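Data block below; observations after.
The values are calculated or read from the model by the stated rules, or taken from the named source; none is laboratory data. Keep in mind it's a predicted model, so treat the numbers as computed, not measured. Here the Cβ is made from the backbone with ideal geometry for all residues, glycine too, and neighbour counts use every protein chain on show. In case anyone asks, the SASA skips ligands and DNA or RNA and just uses the protein heavy atoms, side chains included. Shrake-Rupley method; radii C 1.70, N 1.55, O 1.52, S 1.80 Å.
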Amino acid sequence: MREKSRGSLSRCPSRQQVPSVLGRSSMALQGVRVLEFAGLAPGPLCGMILADFGAQVMRVDRLGPATPTWMARGKRSLALDLKRPEGAAVIRRISRQMDVLAEPFRSGVMEKFGLGPEILRKDNPRLIYARLSGFGQTGRLSKVAGHDINFLALSGVLSKLGRSSETPYAPLNLLADFGGGSLTCALGIVLALYERTQSGKGQVIDANMVEGAAYLSSFLWQSQNAGLWSQPRGKNMLDSGAPFYETYRTSDGKFMAVGAIEPQFYALLINGLGLNCDELPDQLSISDWEEMKKKFAEKFAKKTQAEWCKIFDGTDACVTPVVNLEEAALNEHNQERGSFITDEDHNVSPRPAPLLSRTPAVPSTKRNPLKGEHTEEILQEFGFSKEEINQLYLDKIIEPSKLKANL
Ligand SMILES: C[C@H](CCC[C@@H](C)[C@H]1CC[C@H]2[C@@H]3[C@H](O)C[C@@H]4C[C@H](O)CC[C@]4(C)[C@H]3C[C@H](O)[C@]12C)C(=O)SCCNC(=O)CCNC(=O)[C@H](O)C(C)(C)COP(=O)(O)OP(=O)(O)OC[C@H]1O[C@@H](n2cnc3c(N)ncnc32)[C@H](O)[C@@H]1OP(=O)(O)O
């Protein structure tokens, strides 16, 4: 909880945190070949997770000018024009040797290319065909555009998020895109890979953000009758209604996060704040929560974040500083664990999670691939001859990599 000196994100944590001594050859997904079609946000994270844990991920990009790519760590890029039959034919040929194909388009796009699962799985019955969409492959919305906020809304979860008397509020695009989308898709792929070791067969995965976000939020559904959500939005224990589950501003304009739910931890919070339990209403008296929040807020506003950290550090009061990304990477606990890593361009990012004891992820420290940087290399690897590759260039199905063109 104690803070070390502040610094820029690009200055921090040490490379030694990456368990590189073990090498990429001992990772859990070693030997798995993945063809990922470039997408906006959920697909890229799903592919990055697979790459971090050892899969060989090849991203299929469009031709044309470079566009910003995030979450491309450890991937290679193959750029080609899928709208031309010759481009689609390249993918069909490559897919015969793939373990996993992951596509992020709205339902029906892959079929338009002639690259739907029926065709590709006929060529390669072991292929795991992962479809990561917003609304799923069937249903009246399956062909409609949407983003995280829309999927979260339809999952029912968005109605529960936000402060009292404000409109519902989506926590960045974390819940549907990344939790419900990327993570459930990656889970589906790993499950299908595991099952394939028994059956020898691939399968089609319909991962989608509406159902993924809903499933991620199963606790909400299954605790409906427990009284946890009986109040309007923003008035319940875990949605910013309770004084002991809230953030508070400190005298230096920073924040502390309080999550003192259990009575024994609540008592430590009250003690740390310099209050007396005997003079306060019962912890669970909902009608007193508003007043109690004011009391806590007044207290927190009297000291700096560092002063509060000193008071609560190492205690069970469940009080932590709200740190920014830069501070998270520099945080003493996080540094002890090596929770953040630095790539060769000095960019800091979270270490892949979870940590496996024998075969941990060994994320690449190299820069992200440029669009089409590995087109030729990949095609050669998959058996395309020099003549075939030249023909693809001549037909403008593929184009020289911008990297090579600039040299
Ligand atoms: C909230 C998040 C989204 C955050 C994304 C932001 C990070 C970025 C969004 C906008 C960006 C900015 C913007 O582009 C302007 C600048 C551009 C500049 O270059 C950079 C700076 C920018 C400011 C730029 C910065 C950032 O990048 C942005 C701010 C999310 O919620 S992500 C989740 C989205 N939803 C889903 O994934 C659900 C499933 N997918 C879909 O529903 C659709 O794919 C989607 C996302 C609605 C897009 O629909 P679209 O009609 O565009 O595509 P599809 O129907 O899926 O069809 C794909 C089409 O692409 C063609 N195609 C694909 N690959 C190839 C290829 N290799 N060759 C040829 N053609 C290809 C394919 O044929 C389809 O085209 P057609 O429809 O013509 O057949």
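Within 14 Å, Cβ to Cβ, of Glu166, how many net charges do the neighbouring residues add up to if Lys/Arg are +1 and Asp/Glu are -1? Kindly include the intermediate steps, with their values, before the conclusion.
Values: positive: Lys160, Arg163, Arg233, Lys235; negative: Asp239.
Once all neighbours under 14 Å are counted, the net charge is +3.
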Of all DSSP beta bridges with both partners in the chain, the antiparallel percent, nearest 5, is 35 percent
Tell me the angle of helix 42-52 to the major Cα principal axis of the chain, expressed in degrees between 0 and 90 and rounded to the nearest ten. 80 degrees
Once amide hydrogens are built 1.01 Å from N within the peptide plane, the residues lying 5 or more places from Phe255 or on another chain with amide H under 5 Å from its amide H are Thr250, Val322
Non-local amide H neighbours of Tyr129 (under 5 Å, H modeled in plane, Pro and chain starts lacking H): which ones? Leu101, Gln203, Val204, Ile205
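Quote to one decimal, in nm, the extra length available between Arg84 and Glu387 on full extension: 0.36 nm per residue of separation minus the C-alpha distance between them. It would help to have the intermediate numbers written out before the result.
Numbers: separation 303, 0.36 × 303 = 109.08 nm, distance 1.89 nm.
Separation in residues times 0.36 nm, less the Cα-Cα distance, equals 107.2 nm.
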Of Val348, Val157, Val144, the one that fluctuates the most in a GNM where the chain has Cα springs shorter than 10 Å: Val144
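May I ask you to derive the FRET efficiency for Leu40 and Asn276 from their Cβ-Cβ distance with R0 = 60 Å, giving the value to the nearest 0.05? Show your work: numbers first, answer last.
On the way: r = 53 Å, r/R0 = 0.88.
Taking R0 as 60 Å, the efficiency between Leu40 and Asn276 is 0.70.
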Springs between alpha-carbon atoms under 10 Å, Gaussian network over the chain: tell me which of Ser25, Ser339, Ser95 tops the mean-square fluctuations. Ser25
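Given a 1.4 Å probe and every protein chain left where it sits, what share in percent of the accessible area of the stretch 237-340 is carbon and sulfur?
Numbers: 2800 of 5410 Å².
Ligands and nucleic acids excluded, carbon and sulfur give 52 percent.
For the stretch 168-254, which chymotrypsin sites (Phe, Trp or Tyr not before Pro) are both in a DSSP coil and crowded by at most 14 other Cβ atoms within 10 Å?
Numbers: sites: Tyr169, Phe178, Tyr194, Tyr215, Phe219, Trp221, Trp229, Phe244, Tyr245, Tyr248; in loops: Tyr169, Trp229, Phe244.
The qualifying sites are Tyr169.
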Would you mind telling me which residue in Gly31, Gly146, Gly227 has the biggest mean-square fluctuation in a Gaussian network model of the chain, where springs connect alpha carbons within a distance under 10 angstrom? Gly227
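Roll a 1.4 Å probe over the protein chains and send me the accessible area per residue for the chain in Å². Provide the component values of the computation, followed by the final result.
On the way: 21190 Å² over 407 residues.
Dividing the accessible area of the chain by its residue count gives 52 Å².
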Quick one: pull the percent of accessible area on the stretch 22-67 belonging to carbon and sulfur, 1.4 Å probe, ligands and nucleic acids left out. 63 percent
Placing +1 at every Lys and Arg Cβ and -1 at every Asp and Glu Cβ, with all other atoms neutral, what dipole size does the chain have around its Cα centre, in debye to the nearest 20? 1020 debye
